[in-house]
Amino acid sequence: MTGNNFSPSSHSEGFTLVETLLALTLLSAVAISLFYFFTNAMAYTSYNQGRTVAVNVARGVAAYMERLDFSQLKNYVTSQNEFVQLTSDDCERQEKIFPDRQLCQAQLAPTINNVHYDQGRVAVFLIPYDPAVWERLKSSPPESFPRSLRDRINEETDEIKQSDPRLGQYLLKMYVLVRWGDRIEEAEWVEGVITDETIR
């Protein structure tokens, strides 16, 4: 054999500057999109955790309020001739309604996941079955009401107008509002009815 039939291959000494910049650009784009995804996932998880805790706190407060003495609650609401807002501050002021101050504080100002729900972040609204009161509430709801609760009040007002006027003797409408964030819409609420034991 006289010679080599293969031509010598060209040897590459490494990546060119263009290839390196292209690889860095692609890597940066992937890293930024992953960072954005995980940041959004953490924010969404935190948001849902706040909502879930707020709903559970509201349900606990509603169950607590339903066990209180109906006659004391009704007397207090009718003496105000308006809907009533109760917060943790009322645990000390309203001894007739809340005979056990510590239990009241535990319900209306709990500490969950190192978050203290005080400063009016938990509020109970008691509303008598009086169409005039509901109309006033519908026309000028408290500023702390989120849009979903205002919409529910509008629906409920129409239902109260058509209901039996004797309901007010035995029932109080209750909304428990729990604020878990700083904005008005970062609040959850549950509704219920407190009933007089004599009608059971």
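The values are calculated or read from the model by the stated rules, or taken from the named source; none is laboratory data. Since the model is a prediction, treat every value here as computed from it, not as a measurement. Cβ placement follows ideal geometry from the backbone for every residue including glycine, while neighbour counts extend to all protein chains displayed.
From the list Leu149, Leu167, exactly one residue is modelled with pLDDT under 85, outside any loop (DSSP other than H, G, I, E, B) and out of contact with any Pro (no Cβ under 6 Å at 6 or more places or on another chain). Which is it? Step by step, each of Leu149, Leu167 is checked, and only Leu167 is modelled with pLDDT under 85, outside any loop (DSSP other than H, G, I, E, B) and out of contact with any Pro (no Cβ under 6 Å at 6 or more places or on another chain). It is to be established whether one or more residues within the range 131-143 are free of Cβ contacts under 8 Å to residues at least 40 places away in the same chain, closer than 21 Å to Thr87 by Cα and among the aliphatic types (A, V, I, L, M). Scanning the range 131-143, I find no residue that is free of Cβ contacts under 8 Å to residues at least 40 places away in the same chain, closer than 21 Å to Thr87 by Cα and among the aliphatic types (A, V, I, L, M), so the answer is no.
Within the range 109-132, at least one residue is among the aromatic types (Phe, Trp, Tyr) and under 18 Å from the mean Cα position of the chain (by Cα).
Within the range 148-190, being under 24 Å from Tyr44 (Cβ atoms) and among the polar types (S, T, N, Q) holds for one residue alone: Ser148. The residue of the range 125-145 that is surrounded by the most Cβ atoms within 10 Å (Cβ to Cβ), among those that are in a strand (DSSP E or B) and in contact with a helix residue (DSSP H, G or I) (Cβ under 6 Å, 6 or more places away or on another chain), is Pro128. Picking from residues in the range 146-170 that are under 26 Å from Asp89 (Cβ atoms) and touching a residue at least 40 places away in the same chain (Cβ under 8 Å), the one that is surrounded by the fewest Cβ atoms within 10 Å (Cβ to Cβ) is Ser148.
Among the residues of the range 66-80, is there at least one that is of a type outside the set (Lys, Arg), within 14 Å of Ala123 (Cα to Cα) and crowded, with 17+ Cβ neighbours inside 10 Å? Looking for residues that are of a type outside the set (Lys, Arg), within 14 Å of Ala123 (Cα to Cα) and crowded, with 17+ Cβ neighbours inside 10 Å, one finds none in the range 66-80, hence no. Yes or no: Ile127 of a type in the set (Val, Ile, Thr) and modelled with pLDDT under 90? Spelling it out, it is not the case that Ile127 is of a type in the set (Val, Ile, Thr) and modelled with pLDDT under 90.
Among the residues of the range 171-200, count how many are within 27 Å of Ser71 (Cα to Cα) and either in a strand (DSSP E or B) or without any contact (Cβ under 8 Å) to a residue 40 or more places away in the chain (or both). The number of residues fulfilling the criteria is 18.
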